[in-house]
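*Asks:* Quick one: the structure is below, and I'll ask about it shortly.
The values are calculated or read from the model by the stated rules, or taken from the named source; none is laboratory data. Worth saying up front: this structure is predicted, and the values here are computed from it rather than measured. Using ideal geometry, Cβ is built from the backbone for each residue, glycine included, and neighbour counts are taken over all protein chains shown. The protein model used for the area step is the full one, side chains on, heavy atoms only, and it has no ligands, DNA or RNA in it. Shrake-Rupley method; radii C 1.70, N 1.55, O 1.52, S 1.80 Å.
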Amino acid sequence: MHIFSITSLANSTGGAGQGLEIHVATTSGSVVFKFKGYGFRFHELQLSRSDKSIFKEMNALLFIYKLMCKVKPDLVHLVM
């Protein structure tokens, strides 16, 4: 499993073609169709860069923690 940003897309498409299971955790938007088109598993992350609420940030951190416990990744690429 690989959690990453759009900047890693070019490097990861080869892995998906080799039978690797690649997961993407990001906010929803037009880029989601690109990820799904490559066969990646998408997980919607509720996060806003403009929001200053500590509770929403903690929720996002908890979501990432739970996702990582569920998927048990071998490799993680995290960009904040």
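*Asks:* Taking the condition of being touching a residue at least 12 places away in the same chain (Cβ under 8 Å), open to solvent by 80 Å² or more (accessible area, probe 1.4 Å) and more than 12 Å from the chain's Cα centre (by Cα), how many residues in segment 34-74 meet it? Lay out the reasoning, then the answer.
*Replies:* Taking segment 34-74 as the starting set, the residues that turn out to be touching a residue at least 12 places away in the same chain (Cβ under 8 Å) are 34-35, 38-48, 59-60, 63-64, 67-68, 71-74.
Now narrow it down to the ones that are open to solvent by 80 Å² or more (accessible area, probe 1.4 Å): 34, 38, 41, 44, 46, 59, 72, 74.
In the following step, the residues that additionally are more than 12 Å from the chain's Cα centre (by Cα) were identified as 34, 38, 59, 72, 74.
Residues meeting the conditions: 5.
*Asks:* Follow-up. Looking at 20, 61, 75, 9, can you tell me which residue is modelled with pLDDT of 70 or more and part of a helix (DSSP H, G or I)? Step through it out loud before you land on a result.
*Replies:* Numbers: 20 fails: part of a helix (DSSP H, G or I); 75 fails: part of a helix (DSSP H, G or I); 9 fails: modelled with pLDDT of 70 or more.
Step by step, each of 20, 61, 75, 9 is checked, and only 61 is modelled with pLDDT of 70 or more and part of a helix (DSSP H, G or I).
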